[in-house]
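To start, the structure itself, in structure tokens.
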Amino acid sequence: MLDPLWPDQPAMPPAASWQMPVELAGRAVADKINDLAAQLNAKDCDAVLLTRVDTVNWLVNMRGADLPCTPVNLCFAFYHRQAGLCLFGDSARLTPVIGSDISVAPLGELPERLGKLGEGRLMIDPDSLPRMLFDQIVASGVKTLETDCPLTATKACKTPAELDGFRAAHRRDGVAMVEFLCWLDQAVAASPATYSETEIAARLSAFRHQQDAFLAPSFDTIAGSGPNGAIVHYRAIAGADRRLAADDVLLLDSGAHYRDGTTDITRTIAIGNPPVGAVSAYSHVLRSHIHLAMAKFPVGTIGSQLDAIARAPLWSAQLDFAHGTGHGVGHVLSVHEGPASIS
């Protein structure tokens, strides 16, 4: 339906599939599939359709470059407790990086495969299932269980190897950031107005590219100077962006994917001597960080409760911010990952 409406859509990027070693993933594919089978058994289901792309890539320890800033191969997966696992997507991209015990088929064959389920019960995640597939499943008469993706929580619980990878990635990222800050100090000392927001973002990206195991940015860098720093998810456009000015505040929200981990960091940088009000607000935000970092809370505490703990010091100063406090981060996957969220 979309193709006729979007005739000039860009071509897919070149294939860049790779297999994440068990040493970095922390779990073998067979182990993950066994856990998935156990969850199906517990829910009295015969099969599951996985329609979250990051989850499918995580399941088979695979990464790619089909999307900007998200290192995945575009595909869905169908797992049957007797027939095994099949990925649906571009076989030229998928086959070279998966085991021989996993089959690959064109996405167009997925409806036919679902229609052969017969009396079996199919687990689906309605929040990620394309409407066309949902309608086809309903029309086929297949019995379904609508539930959250069975792998979301498992994927969010990082293995020791994944945690080590995050730490290693942050060490490299920290080197890049220190090199950038050193350059920025020297650059703005001469003339702050020489550099625009997009030029600042490009400089930071260049330092990250020099680090070992760098893959790609984890999202488009947000470089907001002066009043632009207060715009949530601000996007600078070359030629229409703002140049740095003396006594500015520069907000940098950026991150990167490395082969062993993903980063997402925000830094607020003083250019000269920023206004007293900005310094005061920054100090209150620091108090909020400390308040949350030192909080002790029982098992079962939810994100909105932690969000209130973080905001309390700001509220006491009659301040607030119009966005979430924190989110989960995927392991060389999507930089925003559920279900964890402090908001």
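Within the range 238-338, list the trypsin sites (Lys or Arg not before Pro) lying in a DSSP loop whose Cβ has at most 12 other Cβ atoms in a 10 Å radius. Intermediate results must be reported in sequence, preceding the final value.
Values: sites: ARG242, ARG243, ARG259, ARG267, ARG287, LYS296, ARG311; in loops: ARG242, ARG259, LYS296.
Here the trypsin sites (Lys or Arg not before Pro) that fit, given the DSSP loop and packing criteria, are LYS296.
Most fluctuating residue of GLY89, GLY239, GLY300 in a GNM of the chain with Cα springs under 10 Å: which is it?
GLY300
Which of rounded, prolate, oblate describes the range 211-292, given a ≥ b ≥ c as roots of the alpha-carbon gyration tensor eigenvalues and a/c under 1.5 marking rounded, otherwise prolate only if a/b is larger than b/c? Please list the in-between numbers first.
Working: a/c = 2.39, a/b = 1.33, b/c = 1.79.
Since a/c reaches 1.5 but b/c is at least a/b, the shape of the range 211-292 is classed as oblate.
Could you work out how far helix 303-316 tilts from the main Cα principal axis of the chain, as a 0 to 90 degree angle to the nearest 10?
Helix 303-316 and the main axis of the chain meet at about 10 degrees.
Using only Cα atoms and rounding to the nearest 10 degrees, what angle (0 to 90) does helix 131-140 make with the longest principal axis of the chain?
Rounded to the nearest ten degrees, it is 20.
Normalising by the residue count of the range 16-89, find the relative contact order in percent from Cα pairs under 8 Å and 6+ residues apart.
Values: 97 pairs, mean separation 23.6, N = 74.
With pairs under 8 Å counted, the relative contact order is 32 percent.
Indicate the gyration tensor shape class of the range 2-155 (rounded, prolate or oblate), computed on the Cα atoms with a ≥ b ≥ c the square roots of the eigenvalues: a/c under 1.5 is rounded; otherwise a/b larger than b/c is prolate and the rest oblate. Don't skip to the end; give the middle numbers.
On the way: a/c = 1.78, a/b = 1.11, b/c = 1.60.
Oblate is the answer for the range 2-155, as a/c is 1.5 or above yet b/c matches or exceeds a/b.
Ordered by packing density, taken as the mean number of other Cβ atoms within 10 Å over each peptide's residues, highest first, how do 75-82, 138-145 rank?
On the way: 75-82: 19.6, 138-145: 14.1.
Packing proxy ranking, top to bottom: 75-82, 138-145.
Taking the range 275-343, which chymotrypsin sites (Phe, Trp or Tyr not before Pro) meet the DSSP loop condition and have no more than 16 other C-beta atoms within 10 Å? Intermediate results must be reported in sequence, preceding the final value.
Working: sites: TYR282, TRP315, PHE321; in loops: PHE321.
In loop regions of the range 275-343 (DSSP not H, G, I, E or B), the sparsely surrounded chymotrypsin sites (Phe, Trp or Tyr not before Pro) are PHE321.
No lab work stands behind these numbers, since they all come straight from the coordinates. All figures in this text were calculated on a predicted structure; none of them were measured in a lab. Here the Cβ is made from the backbone with ideal geometry for all residues, glycine too, and neighbour counts use every protein chain on show.
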